[in-house]
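What follows draws every value from the coordinates through simple rules; no lab data is involved. Model, not experiment: these values are computed from the prediction. Neighbour counts run over all protein chains shown; Cβ positions are idealised from the backbone, glycine included.
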Amino acid sequence: MATIDVEPLCNYTACQEVKLTVTAAVAETVQLQPKTWPTSWVEIDWKVKLGSQTDWILRHDQNSTLANPLLPFADRVSFHPGNLSLQINLVTEKESGLYTMDLKLGDGSGITNNFRLFVLGEFGGASFPLW
């Protein structure tokens, strides 16, 4: 499993953005996970940009999770509210793209984490998304 920890760049009182590149091999499990997070968050949105198209993956609040059933890899995605991570099982080259976690905090501010995922093909070649 490829697990990536992201260190926030500043404190939780202001909007911030974190970027990280993640590389995985085809058929691996990838877990996109921030290293630290506040306890006062109220909502999290995960979305993905594959090529020129941006789609939402899921939205989670303190009570429930709503996932996008129309994603081609919807049956291989799970959310872990304990550490706010997004897990993708059996990744394919088609899942190479920009994954964004938008976290809304109780005070109205937000945190954005961006993960660029590159999935390596069978022969070690990378599939590089266009964005």
#### Entry: Charge sum, other residues only, whose C-beta stays under 11 Å from Pro38's C-beta, Lys/Arg counted +1 and Asp/Glu -1
0
### Query
Counting pairs of alpha carbon atoms under 8 Å apart in space and at least six apart in sequence, what relative contact order in percent does the range 22-100 give?
41 percent
